[in-house]
Amino acid sequence: MSIEMKNIFSPFVYHMIHTLPLTKPGFDVECYREFAMDALMLARVQFAMTAGFHFIFPSLTIGLACSLAVLEGIGYFGRNEDFKKISLYVSRFFIITFAAGVGTGIVMALQFGTNWSRFTTIVNDIFGIFLVAEVVLSFFMESFFAGLYIFGRGRIKPFLHWLSIVLVAAGTLISSFWILTANSWMHSPSGFQITGDGKFILSDFGKAVFNPSMLPRFFHTVNSTMIASAFFLTGLCAYMILNNKSVALAKKLIGGAVLFAAVTSLMELFPFGHMQIVSVAQIQKAKFATIEGVNTTSDDPPILLLGIPDPSDGIIKHRLEIPHMMKYLFLSPGKHTVTGLDSIPGNEKPPMVMPFVTFHLMVYLGCFLILLSVSALALLMMKRLYDNKWFLRILVWAIPLPVIIIELGWMTTEIGRQPWIIQGLLRTEDAVSFVSAGQILFSIILIGVTELALIVLWLSLMINTLKKGPEGVEGHGEYL
């Protein structure tokens, strides 16, 4: 279904407003629109707050689960007692973060029914399938085997214990697949039909799942979680060396962690970052023009390095750019017309400042991670890393940086899609529930206080575990 359907979809929305069960006889549609617009920003803020907070935890647990599968495997198959101790220590961080992620994910999902009921009513026949698949095919599996991994150490056979974390890792990847399928479908809807009453129904399951933006987004996102895991392990080892805690264990792990960080960081730039930006350029032209600062439609636009967005004029000013480079970096040699901000109708442009700033911060901080990991690898090969105290401190302070970059990436993705909740077909303002702004504000305050308490608790547990070191968990849960 092409995005040209947007020209005929507004009547469907109008019809849905009149026919939904919540609508009362004589209901004023324009009154609803005004009411919805008052609550719209608060609903968006709440979802951004809960989704952004939740993704702190999967950003770490997806990569850590995969890393633990490798570490536990080396400990079991290689009969390596040092890696068994390392695995036990790292698993403590995973357990704390996994528990926090489960709770925050449930809160985030509930908003589809509270603040976005119009959206779920219209697209539930498609969107609901993806969410159910995530729960049935992955969430139950990873939750069950996470419990087995956590409580089975020393109680079940070592092979089964290793297999449990492998299945947890598989569950996190399957979960990522279905969640990113749902999200990608909103950016590039495919494999559907629109019924006479304005609802979306599935017409081609394969096309809906493997919609045009799905695979680039999946690889780009999952690899970013591997980067987060790699820098977490690298920073963890650096902290242990600096504080003289199980230094021998840290030195055994840091080599693989640094290599892991360097490889995944480079892969995030190419091929995965390249795949993602090409996908945006082809599918979401308004977003591409905004984040890349393409002011005017051109066959040969420059690459913009720096600039200052000016929302009043709708352009990027004070530009530092490299001429004739976009076709080589993002597209391909030859002439390709790139739509500029001047060719996009005003009511279809995303907000200018936030996507532009978050995108460029994401790119530059990502390049810093590449520089940091490659430098660490070079120092390690020259046998100068362990004694370089200031560089080890940088590695410790860099632990949260990949998660920050992931958050910036999601801000770019979601804000850059506006004003659409389903690209080109359903506007965000037409998807919000018939809920008052006061009710949403109350829930924002309640959730905000809860999340503040949770982040303080999570950080306290993580820092306490970090300070204890491997010695603090030795002797607990040994292998059979």
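The values are calculated or read from the model by the stated rules, or taken from the named source; none is laboratory data. This structure is a prediction, so every number in the text was calculated from the model and none was measured. Ideal geometry is used to build each Cβ from the backbone, glycine not excepted, and the neighbour counts take in all protein chains shown.
A count restricted to the range 278-289 and to residues that are surrounded by 20 or more Cβ atoms within 10 Å (Cβ to Cβ) and within 11 Å of Ser213 (Cα to Cα) stands at 4.
Restricted to the range 315-405, the set of helices (runs of 4 or more DSSP H) holding at least 2 residues that are of a type in the set (A, V, I, L, M) and surrounded by fewer than 15 Cβ atoms within 10 Å (Cβ to Cβ) comprises 353-381.
Against the test of being of a type outside the set (Gly, Ala, Ser) and modelled with pLDDT of 95 or more, the options Leu253, Leu233, Leu202, Leu242 yield a single qualifying residue, Leu233. Within the range 360-387, residues that are farther than 26 Å from Trp410 by Cβ reach partners that are among the charged types (D, E, K, R) and assigned to a helix (DSSP H, G or I) with beta carbons closer than 8 Å, at six or more positions or on different chains, in the pairs Tyr386/Lys251.
One residue stands out in the range 406-432 among those that are more than 17 Å from Pro355 (Cα to Cα) and in contact with a Leu (Cβ under 6 Å, 6 or more places away or on another chain): the one that is surrounded by the fewest Cβ atoms within 10 Å (Cβ to Cβ), namely Glu429.
Could we say that Ala238 is touching a helix residue (DSSP H, G or I) at 6+ places or on another chain (Cβ under 6 Å) and more than 21 Å from Val363 (Cβ to Cβ) here? Answer is yes for this residue. Scanning the range 448-473 for residues that are among the small types (Gly, Ala, Ser) and buried (at least 17 other Cβ atoms within 10 Å of the Cβ) yields one hit, Gly469.
Would you confirm whether or not the range 136-148 contains a residue that is within 26 Å of Ile422 (Cα to Cα) and either among the basic types (Lys, Arg) or in contact (Cβ under 8 Å) with a residue 40 or more places away in the chain (or both)? The answer is yes; a qualifying residue exists.
Within the option set Gly101, Gly128, Gly105, being more than 30 Å from Arg153 (Cα to Cα) and out of contact with any Leu (no Cβ under 7 Å at 6 or more places or on another chain) holds for one residue only, Gly128. Lys245 passes every criterion in (1) among the charged types (D, E, K, R); (2) touching a residue at least 60 places away in the same chain (Cβ under 8 Å); (3) assigned to a helix (DSSP H, G or I) apart from (3).
So that you can scan it fast, the table gives a plain yes or no per residue for (1) surrounded by fewer than 16 Cβ atoms within 10 Å (Cβ to Cβ); (2) of a type in the set (D, E, K, R); (3) within 30 Å of Leu426 (Cα to Cα):
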site: Asp197; (1), (2), (3): yes, yes, yes
site: Phe205; (1), (2), (3): yes, no, yes
site: Ser213; (1), (2), (3): no, no, yes
site: Phe218; (1), (2), (3): no, no, yes
site: Thr221; (1), (2), (3): no, no, yes
site: Ala228; (1), (2), (3): no, no, no
site: Asn244; (1), (2), (3): yes, no, no
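Determine whether Phe260 is closer than 21 Å to Thr413 by Cβ, in a helix (DSSP H, G or I) and aromatic (Phe, Trp, Tyr). It is false that Phe260 is closer than 21 Å to Thr413 by Cβ, in a helix (DSSP H, G or I) and aromatic (Phe, Trp, Tyr).
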